[in-house]
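Structure record follows, encoded as structure tokens.
We did not get these values from a lab; they are worked out from the coordinates using the rules stated. None of these values were measured; they are calculated from a predicted model. In this analysis, Cβ positions are derived from the backbone assuming ideal geometry, glycine residues included, and neighbour counts consider all displayed protein chains.
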Ligand code: GLU
């Protein structure tokens, strides 16, 4: 074990940032300007519940306004604090720059355990928090656009959107004040699955490059790869589900709050999720071996480790024992700066958070554009596309008729080809493209510079360069 002490989450992000900027040639002062968090607003507000006044503490931190609006989720968890929201806001800046979502970085949080409250109580609390933030333009379609994060989802976003609309009755763009809303409240198809889907697309892209797989000592395809997932929340669940159902990966371990499950033949993600919903945890699940100390599974043999829960779970105390050759950070900050040093030296390849979990904000970007354009994606083109495809099918059908037994259309071709792209198909296509292009920009730096030996540093270099260029364009 190392004698080093672990820095805070924000310090950890700063250390990784510093490592990258030391390889850059930024004008004096700009490095500091980019690193620091511009402002963090703390609010303490009271809500009358169960016959008494309860005081809640919330934050909204704005890391960088080189582009506006600034963007980032709102987290509900008891551990929320200023250091954490600032670290997460900084990661949002780099994340948005890397995937070319035209936003600055922000993050919010409320110190609360949402499981302790009834739905109507949570609504009162959320509306009051939203009121406090909206009043200061910390929720605003052109200034600051929150989204879901840990402990929040579509329901909370709908309350926030409605609260903003009540306070801004004539704002035609009011719906664009928050993303991650339900479809019937101005949301977009595919937003809920987006972060997990992004993790899948990121891995698919990684597995397209022999050189990159070789760096992790891996070969072949995602098919059959052993995957351990920590956290079966929205992100971990969707990532594990898509990887197992569509890419043939084997989910050999799932770690949850109350322990971990392992099964070398692969776990049924849907069945485990249903078990958790019904029983409140993984313990007792029949088709697996249960370990009470779930964190031990982080150290198990596997091909891919997906931490999709909290920050700091791979740290100085366990990094040395982590065996996975490839880690994809579905959570924000799951590997501390110290653990990152250890893992890099061991030859482990880490696909960094700012890239790996950027699927969420990417589809948030699409939702925001949809709200501002006031039209569903695909609404204008879909039938026209289908009509043009019908022309081709008709011609092929004619050919089919005259060719007799010598040629015919492949089974299902007609149905597949005829179907015009709806919103979900377009969102997935836009997300896939975004994840591929961003990965290529990172790997280009990773492989072309001798002083860059890991994807995280490459990711920072790409994104800091983009942020620096925005500042430069503004004359700063
Ligand atoms: N909370 C998510 C994140 O950390 C999504 C942010 C967003 O969609 O704005 O990236």
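Some values worked out for this structure:
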quantity: Verdict on residue 87 being within 14 Å of the ligand (Cβ to nearest atom) and either more than 17 Å from residue 150 (Cβ to Cβ) or assigned to a strand (DSSP E or B) (or both); calculated: no
quantity: Which listed residue, of 358, 337, is closer than 21 Å to residue 446 by Cα, out of contact with any strand residue (DSSP E or B) (no Cβ under 8 Å at 6 or more places or on another chain) and away from the ligand (no atom under 14 Å from the Cβ); calculated: 337
quantity: Residue that is on the phi > 0 side of the Ramachandran plot and touching a strand residue (DSSP E or B) at 6+ places or on another chain (Cβ under 6 Å), where the choices are 280, 266; calculated: 266
quantity: The listed residue being closer than 24 Å to residue 253 by Cα, within 16 Å of the ligand (Cβ to nearest atom) and out of contact with any strand residue (DSSP E or B) (no Cβ under 8 Å at 6 or more places or on another chain), out of 371, 332; calculated: 332
quantity: Filtered residues of region 12-60 (kept if loosely packed, with under 15 Cβ neighbours inside 10 Å, within 20 Å of residue 81 (Cα to Cα) and under 30 Å from the mean Cα position of the chain (by Cα)); calculated: 36, 39, 42, 44
quantity: Any chance residue 417 is within 14 Å of the ligand (Cβ to nearest atom), over 29 Å from residue 165 (Cα atoms) and in a helix (DSSP H, G or I); calculated: no
quantity: Residues satisfying the stated conditions in region 140-168, i.e. within 12 Å of the ligand (Cβ to nearest atom) and part of a loop (DSSP other than H, G, I, E, B); calculated: 149, 150, 151, 152, 153
quantity: Residues (part of a loop (DSSP other than H, G, I, E, B), touching a residue at least 60 places away in the same chain (Cβ under 8 Å) and more than 17 Å from residue 240 (Cα to Cα)) located in region 184-219; calculated: 186, 187, 188, 189, 209, 216, 217, 218
quantity: Every residue from region 109-139 that is touching a strand residue (DSSP E or B) at 6+ places or on another chain (Cβ under 7 Å) and part of a loop (DSSP other than H, G, I, E, B); calculated: 112, 136, 137, 138, 139
quantity: Yes/no for residue 383 being under 24 Å from the mean Cα position of the chain (by Cα), farther than 28 Å from residue 439 by Cβ and either touching a residue at least 12 places away in the same chain (Cβ under 8 Å) or part of a helix (DSSP H, G or I) (or both); calculated: no
quantity: Subset of region 22-78 [touching a strand residue (DSSP E or B) at 6+ places or on another chain (Cβ under 9 Å) and part of a loop (DSSP other than H, G, I, E, B)]; calculated: 36, 37, 38, 65, 66, 67, 68, 69, 78
quantity: Matching residues, region 323-342, being surrounded by 21 or more Cβ atoms within 10 Å (Cβ to Cβ), free of Cβ contacts under 8 Å to residues at least 60 places away in the same chain and more than 20 Å from the chain's Cα centre (by Cα); calculated: 339
